[in-house]
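The values are calculated or read from the model by the stated rules, or taken from the named source; none is laboratory data. The structure displayed is predicted, hence computed values, not measured ones. Please note: Cβ atoms are built from the backbone with ideal geometry, for glycine as well, and neighbour counts cover all protein chains shown.
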Amino acid sequence: MNTHRTILGLRAEVLRFKRSGQSVAFVPTMGNLHSGHYRLVEIARERADRVVASVFVNPTQFAPNEDFERYPRTLEADAEGLARAGCDALFAPDSAEMYASEAGLAVVSVPALSNLLCGAFRPGHFDGVATVVAKLFNIVQPDFAIFGEKDYQQLAVIRAMVRGLSAPVEIVGAATVREPDGLAMSSRNQFLSPEERAVAALIFQTLGAIARRYRDGESVDSLESYGSAQLKQVGFNVDYVAVRDALTLGAVSADQAAVVLIAARIGSTRLIDSLKIELNA
């Protein structure tokens, strides 16, 4: 696996792949990788001849009071793990390479999906996500891009961005990889104290309970109140518990697929998770 720090270097290698008739799948990450990320690489290998991954902690998706400086940088370990997982090329730029001129920075926005749920608590976050992903797509020019479903709203934003810009890339959603007790794997889990980690799996249990009760016909308002109460009683500070349309993230109707989304803080750590509701389960 070759590691590239510059856009020109990465583009040159991708061009060699393309000239030899090989398809390319892309896995964008912010590093501090775990088994969930490596599963995305495995899915990418199933889809394409070559796999490109990126490690870039994107400053434009962090608000001034968020944990940009705290976010773990583990590039050496990440590169070793990606190589073992079968990645062919790693793009690991710094901020100056990605944002050479802040004064002339273009912003990509999907306002219909970016200002609700997590967007209401993190203003500007999804503009930062959409912008950096659009830049990465322009740099890598992949045939496929693989994203985890844990960050469900992010996945919806990226899919809408691709449709809106007619970008020639197929977005593939990958099922959330979980710990044995159901907690979604996340780089932020390492910030949990032992006591916080012991109760964190209640998020997944709550998602499952809401899905079962939704299939039994309970109202959305009742389910959202139930979920919030379950989490608050064990110490979570709840941003939202929401049952939404799985495609639009708007109000759900009886004949549409639904998804349950949760964002909540335990101590200083903000956790998110989601679960699609299978009506025939």
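When residues in the stretch 140-159 are screened for being surrounded by fewer than 20 Cβ atoms within 10 Å (Cβ to Cβ) and either in a helix (DSSP H, G or I) or more than 14 Å from the chain's Cα centre (by Cα) (or both), 5 of them pass. Only a single item in (1) in contact with a helix residue (DSSP H, G or I) (Cβ under 9 Å, 6 or more places away or on another chain); (2) in a helix (DSSP H, G or I) is not met by GLU76, and it is number (1). Return yes or no: is ASP94 surrounded by fewer than 16 Cβ atoms within 10 Å (Cβ to Cβ), in contact with a Ser or Thr (Cβ under 9 Å, 6 or more places away or on another chain) and of a type outside the set (Lys, Arg)? Spelling it out, it is not the case that ASP94 is surrounded by fewer than 16 Cβ atoms within 10 Å (Cβ to Cβ), in contact with a Ser or Thr (Cβ under 9 Å, 6 or more places away or on another chain) and of a type outside the set (Lys, Arg). When we screen ALA12, ALA44, ALA25, ALA100 for residues that are assigned by TED's automatic domain parsing to the domain that holds THR131 and in contact with an Asp or Glu (Cβ under 8 Å, 6 or more places away or on another chain), the only hit is ALA25. Is the stretch 129-145 home to any residue that is out of contact with any helix residue (DSSP H, G or I) (no Cβ under 9 Å at 6 or more places or on another chain) and either among the β-branched types (Val, Ile, Thr) or under 20 Å from SER35 (Cα atoms) (or both)? No, the stretch 129-145 contains no residue that is out of contact with any helix residue (DSSP H, G or I) (no Cβ under 9 Å at 6 or more places or on another chain) and either among the β-branched types (Val, Ile, Thr) or under 20 Å from SER35 (Cα atoms) (or both).
Quick check: is even one residue across the stretch 59-70 among the basic types (Lys, Arg), surrounded by 14 or more Cβ atoms within 10 Å (Cβ to Cβ) and out of contact with any helix residue (DSSP H, G or I) (no Cβ under 7 Å at 6 or more places or on another chain)?
For the stretch 59-70, residues among the basic types (Lys, Arg), surrounded by 14 or more Cβ atoms within 10 Å (Cβ to Cβ) and out of contact with any helix residue (DSSP H, G or I) (no Cβ under 7 Å at 6 or more places or on another chain): absent.
When the stretch 265-281 is limited to residues that are surrounded by 21 or more Cβ atoms within 10 Å (Cβ to Cβ) and within 16 Å of the chain's Cα centre (by Cα), the one that is nearest to ASN189 (Cα to Cα) turns out to be LEU271. For the stretch 12-55, the set of residues classified as of a type in the set (D, E, K, R), in contact (Cβ under 8 Å) with a residue 60 or more places away in the chain and in contact with a Ser or Thr (Cβ under 8 Å, 6 or more places away or on another chain) consists of ARG47 only.
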